[in-house]
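The values are calculated or read from the model by the stated rules, or taken from the named source; none is laboratory data. Everything quoted here is computed from the prediction, not taken from an experiment. Glycine also receives a Cβ, built like all others from the backbone with ideal geometry; neighbour counts cover every protein chain displayed. Surface accessibility is based on the protein's heavy atoms, side chains included, excluding ligands, DNA and RNA. Shrake-Rupley method; radii C 1.70, N 1.55, O 1.52, S 1.80 Å.
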Amino acid sequence: MSATPWAPYADRHPHARIWNMKRLMILGALAGSIGCAERDPQNSAMCGLTFMASGNRVLDQLATGSSVLQTPPEAMLEGYVPTRVVGHAASRSLAATDDGKVILGYQGEGLPELPGFGLALVDDSIEIFRGVLIFAPAPPPYTELGSVTSASHSVPLFGIRIHWSSVNSDRCPLFPSADTTTAQSE
């Protein structure tokens, strides 16, 4: 008799060990999904991957430089603005203006220190401001619309018109509150 923990099953069938490992993985996945069933879907692995992919798609569209905003959308000049740091939960920022520049007071977690930048996203098909997505890489060489600030530091703010349906998912919206009643026209 061998010293492996699954030795009693080895004489039943040559693949019994694999079948038992598959059963354990399936049971583990079911237990995990049951445990996650009552949580916020925004915290699911699927939404996490969706948010990361959305951030990459936005950066791809930004790299072309063809849809960069030269002025901030009017809808983000005052009040609360939906905001998300890539890899973190959606939050909001309080908007104000100073000398024609937008200043967003970020109220969430994870604002990167320099280099980093915020990107105002405007839906190119219906010209609606959707929110601000914040990235950790070095900022692009485009017109600065303002800044996103926290208590300790700030990062520059840029803007872009994007194909919204290519970066947003109905099951995992980038800005949940913006997708219901707070989306505003530019």
Test: I126 is open to solvent by 30 Å² or more (accessible area, probe 1.4 Å), at pLDDT 90 or above and outside any strand (DSSP E or B): yes
Residues of the range 137-157 satisfying the condition of being surrounded by 22 or more Cβ atoms within 10 Å (Cβ to Cβ) and under 14 Å from Q70 (Cβ atoms): L145, G146, L157
Checklist (1) open to solvent by 40 Å² or more (accessible area, probe 1.4 Å); (2) polar (S, T, N, Q); (3) not in a strand (DSSP E or B) applied to S166, failing item: (1)
Near pairs, Cβ below 7 angstrom, 6+ apart or cross-chain, from the range 87-115 (under 16 Å from L174 (Cα atoms)) to any residue that is acidic (D, E) and open to solvent by 30 Å² or more (accessible area, probe 1.4 Å): H88/E109
Identity of the residue in the range 107-123, open to solvent by 30 Å² or more (accessible area, probe 1.4 Å) and of a type in the set (G, A, S), that ends up farthest from H153 (Cα to Cα): G108
